[in-house]
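Structure first, then comments.
The values are calculated or read from the model by the stated rules, or taken from the named source; none is laboratory data. No experiment lies behind these values; they were computed from the predicted model shown. Neighbour counts run over all protein chains shown; Cβ positions are idealised from the backbone, glycine included. Note: accessible area is taken over every heavy atom of the protein model, side chains too, but ligands, DNA and RNA are not part of it. Shrake-Rupley method; radii C 1.70, N 1.55, O 1.52, S 1.80 Å.
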Amino acid sequence: MSEGILVLAERRDLRRRLFDVFDQAGCRHIHSARDAQHAAIVLEGRQSLDLMVAVLGDDAAQARQCCEQLRTLKACEDVPLLAVLDEGASLQPAQLPGDIAGWLHAAQIETELLMRWKQHPPTASTARPAPAPGAAEKALALLARIFATGGGGATRDATARLLFDEMALDYFAVWPLRKDGGEFPVPLLQLWNGTEPAWPAVESQALLQHVLAGEPVLCRSDAQQRVPDDPLLPLLGLSGFVGIPLLDERSVVLGAMLAGTRRGFGDMAIVEPLLRCAAARFAQGLELGLTREQGRAEGLIDALTGLPNRLLFADRLESILREAVRNGECFAVLFVDLDHFKVINDTHGHAAGDQVLQEITRRLRGSVRASDTVARYAGDEFTVVVRHIVKSDDVQRIAEKILQTVAEPLQLENGVRLQVAVSIGVSFFPDDASDAETLLKHADEAMYAAKHQGRNAYRIYEVSPEYAREHGMALRSRLRHALGNGELRLVYQPQVDTGSEDIVGMEALLRWEHPELGPISPAVFVPLAEETGLIVPIGEWVLRTACRQAQEWEQRYGLRLRLGVNLSALQLMEPKLPSTVFRALQETGLDPALLELEITESISIKAAPNLVENLQALHRMGCGIAIDDFGTGAASLDYLRKLPADRIKVDQSFVRNIGVDPDDEAIVRATIEMAHRLKRTVVAEGVETEAHLAFLREQACDELQGYLFCRPLPVVSFERLLAERQQLMGLPTAVPA
């Protein structure tokens with residue numbers, strides 16, 4: 001009995017991408033591991049898997065060692081192994097171990113992985129023996145050359161010729177499907193070894209009709225004996241014949257790929273996967289061509305650039321948004337506008353302007369992943385949707401890449417060289433808006449902010465403090481009704497153990513979704529709430545809502561996750577604060593030991609009446625106390641001496657300067673050492689890079705929080721994260737009665 005799929009990758013974002021592809025395909029048992037040693041722990045006591053997918057880096061020797069270590073595990077002995085070559089890795093397909101069943105680039109995970117999976121046996125019991133390493137390496141090298149080519153047209157013909165020559169074929173053809181009621185099709189391409197024959201009628205070619213009906217044909221060397229009534233076989237003297245249906249992503253037949261040889265094929269364990277991968281490539285080109293043809297017919301494809309136009313983009317954005325809501329995912333919308341494009345048209349003519357737009361299209365497509373969407377929105381405006389975001393840095397890197405790629409000199413057909421630049425605005429779902437129209441509006445506003453600040457730059461959307469000052473009265477008035485109108489929501493950011501990187505806690509963070517302006521930054525609305533006193537009722541709602549959610553997750557997963565909730569200065573001075581917290585715990589059933597109340601260091605102990613008494617009462621109740629933003633105020637030691645603090649949180653302004661500012665590094669180092677001497681645990685906020693992680697591990701920081709691990713997530717996304725952890729650990733999920 002098989003027990004699912006193993007995905008193995010050192011980088012967390014790649015593990016998550018692999019996991020998401022199989023999860024969205026409905027796979028029930030997906031095991032995730034960092035390396036072979038971690039996989040041994042995860043798979044302990046399990047039966048044989050269906051499939052292994054391993055991301056391999058630069059070192060060929062290490063790649064072979066990793067594969068050998070996996071093969072020593074009982075669950076992985078005879079399981080097909082797909083290799084994923086990391087982006088930028090110098091490891092070549094020809095250097096892969098001989099027992100690799102197939103490979104793909106990391107950029108193809110979302111588009112190719114499931115297709116490759118379907119090309120291999122579902123269980124280890126039917127796994128094929130490993131072919132000879134030399135033949136497999138040649139096949140992989142050929143695949144690498146195939147996937148280095150583009151899609152349809154001339155590159156399609158070049159791919160066919162490459163297969164024909166390298167595999168020493170005598171016949172190769174790609175046929176489209178006959179349209180209902182239409183004439184029999186003609187081949188899109190047809191290659192043969194010999195003089196021009198009198199081709200038999202299409203309807204008489206039994207093997208072609210069989211493949212166009214959706215059934216593959218695999219004849220190693222006995223094609224004429226097995227199908228004596230197909231006139232094509234004796235005409236060309238073919239003994240080996242392979243026919244593979246060309247399928248779209250919904251498994252609808254688009255056409256057929258045929259390959260034949262007079263001498264017969266060699267090891268079918270190599271030939272079949274190779275030709276299936278090639279067929280997938282032809283199918284993609286065929287589907288893209290049909291989509292564009294249909295799009296042009298329906299007025300949905302831009303004639304100049306071949307990109308989706310505004311109408312089609314709007315439809316796709318709505319579909320992406322619905323899927324993101326359903327799966328709890330994040331994505332970004334980029335609004336890209338050429339700087340000074342009118343000058344190019346006026347100076348060099350509209351034909352030159354068209355050439356610029358076509359080249360910008362090519363560069364934009366080359367800057368994003370296959371799963372992302374690029375569209376021509378209007379004139380010199382383009383839109384991009386970047387999907388499956390792990391952290392905002394991913395999108396910022398893409399924006400920077402677009403700026404750099406577009407800035408490279410561009411040469412027109414008349415020899416004139418131009419320097420072109422763009423301005424980019426970015427908005428995020430769900431942080432900046434929950435509907436497509438507002439997302440686009442905010443990305444457009446951010447793009448104009450980039451233009452106003454000098455052009456050739458990108459800006460991320462935000463409601464600025466200047467806007468808040470100018471419209472403070474209106475915001476205050478709207479904030480009074482935000483809670484009753486359901487405009488406030490909570491997101492949760494995980495806190496992880498520094499050593500194991502396992503989730504040990506979470507911080508509840510408040511967000512405000514303004515109906516007209518979209519999301520308002522907490523840096524803008526929290527001060528307004530404190531000025532008006534609204535922070536007290538809002539804070540009570542946050543406390544009850546977060547406790548209720550934490551208790552629900554505790555019943556379902558039993559992880560004993562610590563919940564961090566921020567308290568404002570006004571709440572801390574309320575005499576009834578302990579009774580408010582006690583009622584929230586009683587109503588929700590949350591264990592007080594799982595609740596940690598966070599106070600900022602900027603609050604003065606002397607200026608805040610009831611502060612010490614309230615915190616001591618909460619501590620006696622069993623709640624934890626954490627000092628937030630530690631190091632930014634002037635009362636660090638006074639706080640540690642006088643308050644019952646269990647934990648301190650090093651402010652992100654220091655953490656983000658690790659590796660940049662030695663003074664801030666010294667502050668972080670001294671803070672951790674001082675806290676440990678006083679028997680307090682330490683959480684570092686704002687951990688965003690591997691360099692931050694390495695430094696904090698070296699300093700024995702206890703826990704970490706930041707975008708390196710996870711951005712703040714809405715409830716549905718955080719729950720998916722917990723469910724993924726359960727699957728990773730092989731633990732059951734409890735369903736509350």
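Normalised by the number of residues in the chain, the average gap of Cα pairs under 8 Å and 6 or more apart makes the relative contact order 8 percent. Among the listed pairs K401/K649; K138/K401; K401/K441, those whose Cα-Cα separation exceeds 30 Å are K401/K649; K138/K401.
Evaluated at q = 0.12, 0.24, 0.25 Å⁻¹, a Debye calculation over the C-alpha positions of region 1-77 (equal weights, vacuum) places log10 I(q)/I(0) at -0.30, -1.15, -1.23.
Provide, as a two-decimal number, the C-alpha radius of gyration of region 230-269 over 2.2 N^0.38 Å, N being how many residues it has. Don't skip to the end; give the middle numbers.
Details: Rg = 12.8 Å, N = 40, 2.2 N^0.38 = 8.9 Å.
Dividing the Cα Rg of region 230-269 by 2.2 N^0.38 Å gives 1.43.
Bridgeable aspartates and glutamates around K74 (alpha carbons under 19 Å apart, same-chain partners fewer than 8 residues away excluded): E3, D35, E44, D50, D99. Among R322, R669, R620, the order of accessible area from largest down is R620, R322, R669, computed with a 1.4 Å probe on protein heavy atoms.
The aspartates and glutamates whose alpha-carbon is closer than 16 Å to the alpha-carbon of K451, local same-chain residues fewer than 8 away aside, are D337, D339, D380, E381, E400, E462. Among the GluC sites (Glu not before Pro) in region 63-112, those located in a DSSP loop and surrounded by at most 13 other Cβ atoms within 10 Å of their own Cβ are E77, E87.
Computed over neighbours whose Cβ is under 14 Å from that of H350, the net charge equals -3, Lys and Arg +1, Asp and Glu -1.
Hey, could you grab the Kirkwood Rh for the chain? Inverse mean 1/r over distinct alpha carbon pairs, Å, one decimal.
Working: mean 1/r = 0.0341 Å⁻¹.
About 29.4 Å, per the Kirkwood formula over Cα pairs.
When the Kirkwood radius is taken over all Cα pairs of region 648-725, what Stokes-Einstein diffusion coefficient follows at 25 °C and 0.890 mPa s, in µm²/s? All intermediate terms of the calculation are to be shown ahead of the outcome.
Details: Rh = 13.2 Å.
D, rounded to a whole number, is 186 µm²/s.
Whole Å is fine, so just give me how far the alpha carbon centre of region 366-444 lies from that of region 533-568. When both Cα centres are located, 37 Å separates them. When C547, C66 are compared by accessible area at a 1.4 angstrom probe, the order from most to least is C66, C547. Relative contact order of region 184-343: 14 percent, from C-alpha pairs under 8 Å at least 6 residues apart in sequence. Among E400, E719, E462, E272, the sequence by solvent-accessible area, most first, with a 1.4 Å probe is E462, E400, E719, E272. Computed from phi, the 3J(HN,Hα) profile of region 53-64 under the Karplus parametrisation 6.51, -1.76, 1.60 (θ = phi - 60°) reads 10, 10, 7, 10, x, 7, 7, 5, 5, 5, 4, 5 Hz, with x in place of Gly and Pro. Backbone geometry of region 643-650 corresponds, through the Karplus equation with coefficients 6.51, -1.76 and 1.60 at θ = phi - 60°, to 3J(HN,Hα) couplings of 10, x, 7, 8, 8, 10, 10, 5 Hz, x marking Gly and Pro. Using θ = phi - 60° in the Karplus curve 6.51 cos²θ - 1.76 cosθ + 1.60, the 3J(HN,Hα) couplings for region 677-682 round to 5, 8, 6, 10, 8, 10 Hz; x is entered for Gly and Pro.
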